[in-house]
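Peer 1: Quick one: structure below, then a few questions.
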Amino acid sequence: MIKNLVYITMVLAISFSSNAQNKVLSKENTNNPKLVVGIVVDQMRYDYLTRFYNKYGEGGFKRMMNEGFNCKNNHFNYVPTYTGPGHASVYTGTTPKYHGVVGNDWYDKETKKMVYCAGDDDMISVGAETEDGKMSPHRMKTTTFADENRLFTQMRGKTIGISVKDRGAILPAGHTANAAYWFFGKDKGHFITSTFYMNDLPKWVNEFNASGMVASYLKSWNTLYPIDTYLESGTDLNNFEGGFKGKETATFPYDLNTLKDQNGGFDLLKATAYGNSIVTDFAIAAIAGEQLGQDNFTDVLAVSFSSTDYVGHNFGVNSKEIEDTYIRLDKDLERFFKALDAKVGKGNYTVFLTADHAAVDVPSYLQTVKIPAGYINSSEQKKMFTEFVTTTFGTADIIENVSNNQVFLNRAKIKELKLDLVDVQNAIVNEIINYPNIDKAYTATTLSTNEFNSGIETLIQKGFNQKSSGDVIFVYDPAFISYSKTGSTHGSGLNYDTHVPLLFFGKGIKHGATFKKTEITDIAPTMSALLGTSFPNGSIGQPLEFVLE
Ligand code: ZN
Ligand code: ZN
Ligand code: ZN
């Protein structure tokens, strides 16, 4: 009885105080959008907006361009242009130098092991029996604009992150997120999460998982429109595409139900256009399930469409498969915006859309049209390098790790051999700069003691983290990749990797377009400016005043 009384009094007190504060906050913030939707399209090049323009409908990408603001010269301002750093930078408004997400995986100098950007051994999977939920944003050192919105609204504005990829959901949503959900394929085809957020999936997620919605996409993937109208991409059958196991050619149509057993079960869907449709279905369910945009405390919904990246890696940026994936994503966006209109209300929400990096044309294709491009012979370089180190320093032990275009030295060994660290770094730079297709190399000492202010060197510096990056960092020739001869990849500081869309539309956004250069780190402070909150704590970007009303 007494317990119940205490409980009732507490509930009354809480509801009274939140009502009182609700009034105060709502008075000042009635101009704020009820919901901010951040959309990251994984591996989206800027030219996908222009190249496929005539294939898009009025309600997706074009709606954003026609009603909102188009920053046409938007770039990543650091290397490496990978997924983990990309998602972190969009939402924190800063670069790996400050947020610490220096790769998808990187060599951890402290534990002397590779670590994953969203991995967290202290967590447990929720919704899966496997390790796939042992995740959190703990390796990201700074706040996202969504975190600042949570602090500003006394945790009343919600944050939800959604993606096919765990890191695409977790890093954007930030440290204070109510939830991040991502796709678990194999034999399940479910959305899962981690104990970082909760101990049990909410009812609406369980209902979604049980609905059979995901399984309904195990059908034929053919082009949405007749394939002979896809004039904006290369031939369907060529030497530059990977394809799926169990199908001889990388050509439409793909019978996903037949292919699934040889391609990871439900994981196959991630690598098709339908992965984006599944994320859209789930995001629409989340609007209702999480009650997003229903009060005056701005909520943040961070959605990342990752299937574009899988398709790009497999088939390349010039493939019919990529063209169809974007045409279908456009339809998914239309469906998503219509759901937002219906559930949150036209003019009540604000959307931005960008990418976590772009991608290079398949080098083996570029070679056929005489553009300098090619592949790094990694094993040959490794052989030369080991030989050099052994003859120069008497032992290969001086090298601890080579990963992410960086050389990590064994500091203890250098001390033991009474070598000078800077001399060793310089000797390595002078050696590897002679290797085929290594274009540039810098020591950590150079990057920490000089200030570059233009070109690729600036990008290297902004991606370089004094604490976690290596002793020597090197750069390949333009359009040279360490990758299979089919499909596209990314990671460089060249325009094909850095130039990505940036579209804004909805509440508080002007209509217009610019070729003025904007940077990926400007997005988060622009959202903070729109909401009137503090900027993310490590943000180095500038609010894009000209997009705001
Ligand atoms: Zn990516
Ligand atoms: Zn093809
Ligand atoms: Zn990728």
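Peer 1: Quick check on this structure: which one of Ala250, Ala271, Ala286 is open to solvent by less than 30 Å² (accessible area, probe 1.4 Å) and within 16 Å of ligand 1 (Cβ to nearest atom)?
Peer 2: Being open to solvent by less than 30 Å² (accessible area, probe 1.4 Å) and within 16 Å of ligand 1 (Cβ to nearest atom) holds for just one of Ala250, Ala271, Ala286, which is Ala271.
Peer 1: Could you grab the pairs with beta carbons closer than 7 Å, sequence gap of 6+ or different chains, first residue in the range 279-292 and not assigned by TED's automatic domain parsing to the domain that holds Gly212, second one open to solvent by less than 30 Å² (accessible area, probe 1.4 Å)?
Peer 2: As it stands, the answer is none, since no pair meets every condition given.
Peer 1: While we're here: Condition first: open to solvent by less than 50 Å² (accessible area, probe 1.4 Å) and outside any loop (DSSP other than H, G, I, E, B). Now tell me which residues in the range 94-115 satisfy that.
Peer 2: Passing the criteria: Pro96, His99, Trp106, Tyr107, Asp108, Val115.
Peer 1: Among the listed residues Gly68, Gly93, which satisfies the condition of being away from ligand 3 (no atom under 16 Å from the Cβ), under 30 Å from Thr223 (Cβ atoms) and at pLDDT 95 or above?
Peer 2: Gly68
Peer 1: Let me ask another. Cβ contacts < 6 Å: first residue within 15 Å of Ser319 (Cα to Cα), restricted to the range 38-54; second residue open to solvent by 10 Å² or more (accessible area, probe 1.4 Å) and within 16 Å of ligand 2 (Cβ to nearest atom), any location; separation 6+ or different chain. Result?
Peer 2: Going by the 6 Å Cβ cut-off, the qualifying pairs are Arg51/Glu232; Phe52/Glu232.
Peer 1: For the range 506-540, give me the residue count where each residue is over 23 Å from Gly463 (Cα atoms) and in a loop (DSSP other than H, G, I, E, B).
Peer 2: The qualifying residues number 7.
Peer 1: Restricting the range 334-363 to residues that are closer than 19 Å to Tyr310 by Cα and away from ligand 1 (no atom under 16 Å from the Cβ), which is surrounded by the fewest Cβ atoms within 10 Å (Cβ to Cβ)?
Peer 2: Applying the filter and picking the extreme gives Asp361.
Peer 1: If you scan the range 116-147, which residues turn out to be among the acidic types (Asp, Glu) and buried (at least 24 other Cβ atoms within 10 Å of the Cβ)?
Peer 2: Residue satisfying the conditions is Asp147 alone.
Peer 1: Same structure again: Can you find a residue that is out of contact with any strand residue (DSSP E or B) (no Cβ under 6 Å at 6 or more places or on another chain) and charged (D, E, K, R) anywhere in the range 520-532?
Peer 2: yes
Peer 1: Something else now. Please work out which residue is nearest to Ile162 (Cα to Cα), limiting yourself to the range 299-330 and to residues that are touching a strand residue (DSSP E or B) at 6+ places or on another chain (Cβ under 6 Å) and either within 16 Å of ligand 2 (Cβ to nearest atom) or part of a loop (DSSP other than H, G, I, E, B) (or both).
Peer 2: That would be Ser306.
Peer 1: If you don't mind, there's one more thing I want to ask. If I ask for residues that are at pLDDT 50 or above, surrounded by fewer than 15 Cβ atoms within 10 Å (Cβ to Cβ) and of a type in the set (Asp, Glu), which ones from the range 9-65 would you list?
Peer 2: The answer is Glu58, and nothing else.
Peer 1: Here is a further query. Does Thr195 satisfy the criteria of being out of contact with any Lys or Arg (no Cβ under 6 Å at 6 or more places or on another chain), β-branched (Val, Ile, Thr) and within 29 Å of Ala146 (Cα to Cα)?
Peer 2: yes
Peer 1: Take Asn426 and decide whether it is within 31 Å of the chain's Cα centre (by Cα) and farther than 13 Å from Phe385 by Cα.
Peer 2: Here the answer is no, as Asn426 does not meet what is asked.
Let's see how each residue does on (1) buried (at least 21 other Cβ atoms within 10 Å of the Cβ); (2) part of a strand (DSSP E or B); (3) touching a residue at least 40 places away in the same chain (Cβ under 8 Å); (4) within 16 Å of ligand 1 (Cβ to nearest atom):
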residue: Lys467; (1), (2), (3), (4): no, no, yes, no
residue: Ile473; (1), (2), (3), (4): yes, yes, yes, no
residue: Pro478; (1), (2), (3), (4): no, no, yes, no
residue: Ser484; (1), (2), (3), (4): no, no, yes, no
residue: Gly487; (1), (2), (3), (4): yes, no, yes, yes
residue: Ser492; (1), (2), (3), (4): yes, no, yes, yes
residue: Phe504; (1), (2), (3), (4): yes, yes, yes, no
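The values are calculated or read from the model by the stated rules, or taken from the named source; none is laboratory data. What you see is a predicted model; the values in this text were computed from it and never measured. Every residue, glycine among them, receives a Cβ derived from its backbone with ideal geometry; neighbour counts consider all protein chains shown. To get the accessible areas, we keep the full protein, side chains included, count just its heavy atoms, and leave off ligands, DNA and RNA. Shrake-Rupley method; radii C 1.70, N 1.55, O 1.52, S 1.80 Å.
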